[in-house]
Amino acid sequence: MIMNQRTLIIGAGFAGSVVARELADAGYKVNVIDKRPHIAGNAYDEVDAHGILVHRYGPHIFHTNSERIFEYLSRFTAWHPYEHRVFGVVDGKQYPFPINRDTLNLLYGLNLDEAGAAEWFEKVREPREPVRSSEDVVLNSVGRDLYEKFFLNYTRKQWGLEPSQLKAGVAARIPTRTNTDDRYFTDTFQAMPLHGYTKMFENMLDHPNIRIKTGVDFAEIDNIGSYAHVVYTGPIDAYYGYRFGRLPYRSLSFEHEHLAGVSQFQPVGTVNYPNDHAYTRITEFKHLTGQSHPGTSIVREYPQAEGDPYYPIPRDENEALFKRYEELALAEKNVTFVGRLAQYRYYNMDQVVGAALTAAKGIIERLRV
Ligand code: FAD
Ligand code: UDP
């Protein structure tokens, strides 16, 4: 076993940091770089100028059904239990979202019980077979009126595309409920890192075998060949110099605002605005973190085509282009591609942790041969 082999990790988000920790725990020396001036990738949080813990790149709520992944992260953080709730605004009124029985009763002035709500959906749904697009998913489950009120314009705004142009998986992230459960997620484990994500990443990367350099772009590294293995967590098309053309990623701009003297701005963590404004949603961080403060800090998310890549865009043609890049990636002996941008998958944080643990296992096996 050659424990002095040095590995290079590009990107200090969930993908890069989990692989770094695993390799370090296995005895390998690890250099981690990130082109941003900080670790934690898109999950980066910081205390703003007014003393409130905010997420620079939009709201991050941790949820998972995997006990293994929750336990893994629990090595690096304690937790603040938090179940996310969201309202969707239609014609100026806030309704529970995802759509549940209360949403129906409030919106249409009904008094449905669970069986009544199921019957209602059965009556209004437009059955689609097969369910291919995000339009199919929503029409198939809740019908046209709810589709137009809650989904159509939000999706247009978020992606700059029609729901019919996006794969089913995008809208399928949102369930439809006949009960009155108003939680955004129903996963077994739902919690926020007690001292924030950045602190959790600091703990994960705090290892004698790990060296971190932020503010360094992969393009600046000229001794790639000297590393026993390289892990790349940035956009895969960038790694290959866009040789097959650019993979589309959706970007966002974040407008952070502090409201002095306002102890609560909105009743729940996030309010979605499907039909009004250029932004999709407003999140108030104190709901997520449980922090007490006489003022409050919020963020508005404005989707845009240009800018940092935040979302892969799930469409068949994009996935076909990704496959061409993936073919190159799979042929690499000493480079592993992992994470939301490198694998071009609409991953949540827990899924990235899972993918990174699998990738790390593979690398360790390979290095030991
Ligand atoms: P990233 O966090 O993007 O990390 C990749 C890192 O690589 C970046 O820091 C980048 O600077 C660096 N990098 C890229 N190229 C280079 C280069 N050439 N040289 C050096 N460094 C480079 N998930 C949830 O589970 N719950 C949520 O509530 C949630 N909310 C989200 C909200 C928003 C607005 C967004 C955009 C995502 C959200 N996610 C959420 C998803 C979550 O952010 C991702 O799953 C996760 O952060 C991806 O981790 P990653 O390591 O793959 O990528
Ligand atoms: N969506 C919608 N209306 C909403 C919320 C979500 O139409 O009020 C659709 C939209 O297409 C969105 C997708 O469902 O992109 C997934 O929503 P989610 O909240 O999971 O998105 P994320 O938090 O990843 O941005």
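The values are calculated or read from the model by the stated rules, or taken from the named source; none is laboratory data. Model, not experiment: these values are computed from the prediction. Because the Cβ atoms are built from the backbone with ideal geometry, glycine has one as well, and the counts that use them run over all protein chains shown. Just so you know, the surface numbers come from the protein's heavy atoms only, side chains and all, with ligands and any DNA or RNA stripped out. Shrake-Rupley method; radii C 1.70, N 1.55, O 1.52, S 1.80 Å.
Residues are listed down the side, and each one gets a yes or a no for (1) of a type in the set (S, T, N, Q); (2) within 11 Å of ligand 1 (Cβ to nearest atom); (3) more than 18 Å from the chain's Cα centre (by Cα):
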{"position": "ASP206", "(1), (2), (3)": "no, no, yes"}
{"position": "ILE210", "(1), (2), (3)": "no, no, yes"}
{"position": "TYR240", "(1), (2), (3)": "no, no, yes"}
{"position": "TYR249", "(1), (2), (3)": "no, yes, no"}
{"position": "PHE254", "(1), (2), (3)": "no, yes, no"}
{"position": "ALA260", "(1), (2), (3)": "no, no, yes"}
{"position": "GLN264", "(1), (2), (3)": "yes, no, yes"}
- Query: Given the structure, is THR155 within 16 Å of ligand 1 (Cβ to nearest atom), of a type outside the set (A, V, I, L, M, F, W, C) and without any contact (Cβ under 8 Å) to a residue 40 or more places away in the chain?
  - Reply: yes
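When residues of segment 86-114 are filtered for being part of a loop (DSSP other than H, G, I, E, B), away from ligand 1 (no atom under 16 Å from the Cβ) and either open to solvent by less than 60 Å² (accessible area, probe 1.4 Å) or under 11 Å from THR180 (Cβ atoms) (or both), how many remain?
Total meeting the criteria: 5.
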- Can you work out which of the residues in segment 173-225 that are small (Gly, Ala, Ser) and in contact (Cβ under 8 Å) with a residue 40 or more places away in the chain is surrounded by the most Cβ atoms within 10 Å (Cβ to Cβ)? GLY196
- Message: Can you find, within segment 342-369, the residue that is most open to solvent (accessible area, probe 1.4 Å) among those that are under 16 Å from ILE236 (Cβ atoms) and in contact with a strand residue (DSSP E or B) (Cβ under 7 Å, 6 or more places away or on another chain)?
- Response: ARG345
- Task: Could you grab me the full set of residues in segment 158-171 that are within 16 Å of ligand 1 (Cβ to nearest atom), within 24 Å of VAL124 (Cβ to Cβ) and loosely packed, with under 15 Cβ neighbours inside 10 Å?
- Result: GLY169
- Message: It is to be established whether one or more residues within segment 166-187 are assigned to a strand (DSSP E or B) and either under 17 Å from the mean Cα position of the chain (by Cα) or under 30 Å from SER133 (Cα atoms) (or both).
- Response: yes
- Query: Looking at this structure, is TYR57 away from ligand 2 (no atom under 14 Å from the Cβ), in contact (Cβ under 8 Å) with a residue 24 or more places away in the chain and either among the aromatic types (Phe, Trp, Tyr) or not in a loop (DSSP other than H, G, I, E, B) (or both)?
  - Reply: no
- Item | Qualifying positions in segment 31-52 - away from ligand 2 (no atom under 16 Å from the Cβ), more than 17 Å from THR283 (Cα to Cα) and touching a helix residue (DSSP H, G or I) at 6+ places or on another chain (Cβ under 8 Å) | VAL32, ILE33, ASP34, LYS35, HIS38, ILE39, ALA40
